[in-house]
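Everything on this sheet refers to the single structure shown next.
The values are calculated or read from the model by the stated rules, or taken from the named source; none is laboratory data. Predicted model only: the values in this text are computed from it and were never measured. Cβ placement follows ideal geometry from the backbone for every residue including glycine, while neighbour counts extend to all protein chains displayed. These accessible areas exclude ligands, DNA and RNA; they are computed on the full protein's heavy atoms, side chains included. Shrake-Rupley method; radii C 1.70, N 1.55, O 1.52, S 1.80 Å.
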Amino acid sequence: MTKPLLVVKNLQKRFLLGRAWFQEPTYVHAVNGVNVTVSEGETLGIVGESGCGKSTLGRCILRLIEPSEGEIIFQGSDIRAYGKSDMQNIRRNMQMVFQNPFDTLNPKLTIQHILTEPLIAHRIPKEQRQPLIEETIEIVGLSKRHLARYAHEFSGGQRQRIGIARALMLRPKLIIADEPVSALDVSIQSQILNLLQDLQEQFSLTYLFISHDLSVVEHIADRVAVMYLGEVIELAKKEELFQRPLHPYAQSLLSAIPVSDPDEKRERIILTGDLPSPSNPPTGCKFHPRCWACMDKCKKEPPALKEVEGRMVACYLY
Ligand code: SF4
């Protein structure tokens, strides 16, 4: 078994919502006690509806947002204890690819300049910079002539290739990809997913792949964690989850994926009600107001995430 590169223990992120005179402050629990392990070379998919806390989880792991509690053990060390300069050093090995690269590529800078910035920040010797930039831009499917251009001169797919090149510049071990293909056309999505898979093989990368799109996650992930209102409610190998999801919420999510085989019958499970507000979550199992299998105890005590048939599930049905 490959060793874990990243171990997240009881990670929590609370955002202060308000504090009235003489009253307890109120918080939104965006991430609530998440435990996940990602092994070297693995792709762990994180899925769930928007607002379930998956992007906050990704940002907390990189400490782009400071977690409220929990441990983030990367390469054997708890990086939550790291100061600014240690964090700057470790970020060399942990990079992020964002959903919309146009928002994160400075429109006033050329691609050459954008790709040089991380090399300067991490004190890569000057003579090594240009060969690295030229090698990386070609690895992501662009060419040296693109380096003199600005972000607005590229298509969405090309911009995401530049975003990936920037994440790759320092040859990291872990890439957290937050909805990296959701802003792209379907035909371009598969090109970017194939590129990410090729890069994983070439550079032995480990991915935490965040997406609301289950078909995309099915394409790329080895294991999948399903999140609901800040918590992981099922974590399983991709094949097991997609063939037979156990948690009622995971069942409803997967029932919505279109099937390519016209003979295959899949009954769509339509959930009643909206995702509850994370500032005022339901008691007990947070899914109980929308669950068709809800029992009395589901409304009182939250079910623990426990091992069921070789996977982790948080539900009283098992
Ligand atoms: Fe449904 Fe109860 Fe399971 Fe929650 S614990 S998913 S309410 S059956």
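Please specify each residue of segment 287-307 satisfying the condition of being touching a residue at least 12 places away in the same chain (Cβ under 8 Å) and either touching a helix residue (DSSP H, G or I) at 6+ places or on another chain (Cβ under 6 Å) or closer than 16 Å to Asp274 by Cα (or both).
Residues satisfying the conditions are Phe287, Pro289, Arg290, Cys291, Trp292, Ala293, Cys298, Lys299.
Within segment 267-283, identify whether any single residue is within 16 Å of the ligand (Cβ to nearest atom), open to solvent by 50 Å² or more (accessible area, probe 1.4 Å) and not in a loop (DSSP other than H, G, I, E, B), and answer yes or no.
no
How many residues are in a loop (DSSP other than H, G, I, E, B) and open to solvent by less than 40 Å² (accessible area, probe 1.4 Å) when one looks only at segment 300-318? If you could, list the steps in order and put the result at the bottom.
Just the residues of segment 300-318 that are in a loop (DSSP other than H, G, I, E, B), to begin with: 300-305, 309-310, 314-318.
Applying the additional criterion that residues be open to solvent by less than 40 Å² (accessible area, probe 1.4 Å) yields 303, 314-315.
Looking only at that region, the number is 3.
Okay, residues lined up against (1) more than 23 Å from Phe287 (Cβ to Cβ); (2) not assigned by TED's automatic domain parsing to the domain that holds Ile65:
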residue: Pro180; (1), (2): yes, no
residue: Ile188; (1), (2): yes, no
residue: Thr206; (1), (2): yes, no
residue: Arg223; (1), (2): no, no
residue: Ala236; (1), (2): no, no
residue: Gln243; (1), (2): no, no
residue: Leu254; (1), (2): no, yes
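Can you tell me which residue among Lys297, Lys238 is open to solvent by 80 Å² or more (accessible area, probe 1.4 Å) and either within 20 Å of the chain's Cα centre (by Cα) or within 12 Å of the ligand (Cβ to nearest atom) (or both)? Don't jump to the end; show me each part of the working.
Details: Lys238 fails: open to solvent by 80 Å² or more (accessible area, probe 1.4 Å).
Within the list Lys297, Lys238, the selection yields Lys297.
For the structure I just gave you, tell me whether Leu229 is in contact with a Lys or Arg (Cβ under 7 Å, 6 or more places away or on another chain) and within 16 Å of the ligand (Cβ to nearest atom). Step through it out loud before you land on a result.
Working: in contact with a Lys or Arg (Cβ under 7 Å, 6 or more places away or on another chain): yes; within 16 Å of the ligand (Cβ to nearest atom): yes.
So Leu229 passes the test.
Select, from Glu264, Glu218, the only residue that is modelled with pLDDT under 95 and in the same structural domain as Ile176 (by TED's automatic domain parsing).
Working: Glu264 fails: in the same structural domain as Ile176 (by TED's automatic domain parsing).
When all the criteria are applied, what remains is Glu218.
Could you go through segment 13-29 and let me know if any residue there is closer than 16 Å to Leu235 by Cβ and of a type in the set (Gly, Ala, Ser).
At the first step, the residues of segment 13-29 found to be closer than 16 Å to Leu235 by Cβ are none.
Scanning segment 13-29, I find no residue that is closer than 16 Å to Leu235 by Cβ and of a type in the set (Gly, Ala, Ser), so the answer is no.
Regarding segment 241-251, can at least one residue be identified that is open to solvent by 10 Å² or more (accessible area, probe 1.4 Å), within 16 Å of the ligand (Cβ to nearest atom) and in a helix (DSSP H, G or I)?
Residues of segment 241-251 that are open to solvent by 10 Å² or more (accessible area, probe 1.4 Å), as a first pass: 242-245, 251.
Going one step further and asking which of them are within 16 Å of the ligand (Cβ to nearest atom), we end up with 244-245, 251.
Imposing the further condition that a residue be in a helix (DSSP H, G or I) reduces the set to 251.
Yes, the conditions are met somewhere in segment 241-251.
Checking Ala148 against (1) open to solvent by 10 Å² or more (accessible area, probe 1.4 Å); (2) in contact with a helix residue (DSSP H, G or I) (Cβ under 8 Å, 6 or more places away or on another chain); (3) under 24 Å from Thr206 (Cα atoms); (4) not aromatic (Phe, Trp, Tyr), only one condition comes out false. Which one?
So the condition that Ala148 fails would be (3).
Let me spell it out: the conditions are (1) open to solvent by 60 Å² or more (accessible area, probe 1.4 Å); (2) more than 12 Å from the ligand (Cβ to nearest atom); (3) among the aliphatic types (A, V, I, L, M); (4) part of a loop (DSSP other than H, G, I, E, B), and Ile257 meets all of them except one. Which number is the exception?
Evaluating Ile257 over (1) open to solvent by 60 Å² or more (accessible area, probe 1.4 Å); (2) more than 12 Å from the ligand (Cβ to nearest atom); (3) among the aliphatic types (A, V, I, L, M); (4) part of a loop (DSSP other than H, G, I, E, B) leaves (1) as the failure.
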